[in-house]
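Q: Dumping the structure here so I can ask a few things about it.
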C-alpha cells in the first residue's frame, strides 16, 4: 500500500491552499524547531486570521 508523499520542494508548494481564518498545527520544540521559513512565507502571503496550535 502506497503512503502519502509529504515531501515538497518549496515553501509555496507546502503552503498551497492556505487561506485566511484557517486553523493550522505547527511542530517544533522551542526556538530550535520552529518552522521559521514557513512562518516568513505566510507573512509574505499576507494571510490573516490564522489560529495556530503548537506545543
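Q: Scan the stretch 5-19 for residues that are closer than 23 Å to residue 50 by Cβ and outside any helix (DSSP H, G or I) and jot them down. If you could, list the steps in order and put the result at the bottom.
A: Going through the stretch 5-19, the residues closer than 23 Å to residue 50 by Cβ turn out to be 6, 8, 10-19.
Passing the criteria: 6, 8, 10, 15, 16, 17, 18, 19.
Q: Follow-up. List pairs: first in the stretch 1-26 and on the phi > 0 side of the Ramachandran plot and exposed (fewer than 10 other Cβ atoms within 10 Å of the Cβ), second part of a loop (DSSP other than H, G, I, E, B) and at pLDDT 90 or above, Cβ under 8 Å, 6+ apart or cross-chain?
A: 21/48; 21/49; 21/50
Q: Shifting gears a bit: Taking the stretch 27-55 only, how many residues are part of a loop (DSSP other than H, G, I, E, B), under 10 Å from the mean Cα position of the chain (by Cα) and surrounded by fewer than 11 Cβ atoms within 10 Å (Cβ to Cβ)?
A: 1
The values are calculated or read from the model by the stated rules, or taken from the named source; none is laboratory data. Computed from a prediction, not measured in an experiment: that's the story for all the values here. Positions of Cβ are generated from backbone atoms using ideal geometry, with glycine treated the same way; all protein chains shown enter the neighbour counts.
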